[in-house]
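The structure appears below as structure tokens.
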């Protein structure tokens, strides 16, 4: 691994907020969070908007278009990750069901034409999903499979087609069974990169080891799915328009429903090394090189987020 890799800044492709701020509730707070992210090694990030009215996504696009305040010292905002509203109601997790919609081609084209939406998480089993995913992918937007109950066959077809990644592997997707491998099976058997929340709550350390064995250092993408409590601690916070209680069992919008994490990317790297035996350089690549490649930076990947 090159010296550039060993000094690369980290890239967050799925982060809902932090330090008391939630991007869906107020997209303008991405700059306040961005000022703090270099403290945990992050130099570039995709503020993530969870399921909300389309107007919220438009407002976030406008914030990115206008750019940071003068003298902004924080991590670069490199676009948006729109996670929903085109997800399965049965696999929505903490997303507000009143905001969920079927995929709409006209809206997808608006997002793509803005040049500010870089990733869209979408469930492939929804009506119209393949047409919309194809249009997004053809426009250079990464379509990620997640919050989905797709069966193995549908998920495999999606990941062999316009879906180019998987959102938080194992969480809120049809699970693996030896007679019905589900989206988890399709994801592991595909050649697509998969996001993984390595906090010990979303994924047991043994599941992390399984993912590492299947994905290896080239396909695993560390994500935090961090929400407003990241960088702070226990208490009551917001995720979109939900109240979230953060305790010893992580952020929850209900007894059985995780609502993001309090993980930071430096801790995610440390956990990956501790639980799998990955080297520090491999873990760093999972948080820098791999997300950069997913975003299509190709030959420029060695120079992404350099901190040296």
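Coordinate-derived values only; no laboratory data. Keep in mind that this is a model prediction, so the values were computed, not measured. Virtual Cβ from ideal backbone geometry, glycine too; neighbours counted across all protein chains shown.
Return the residues of segment 80-99 that are under 18 Å from the mean Cα position of the chain (by Cα) and without any contact (Cβ under 8 Å) to a residue 60 or more places away in the chain; say none if nothing qualifies. Residues satisfying the conditions are 80, 82, 85, 86.
When the helices (runs of 4 or more DSSP H) confined to segment 181-291 are screened for residues that are within 26 Å of residue 39 (Cα to Cα), those reaching at least 2 such residues are found at 205-219, 265-276, 280-286.
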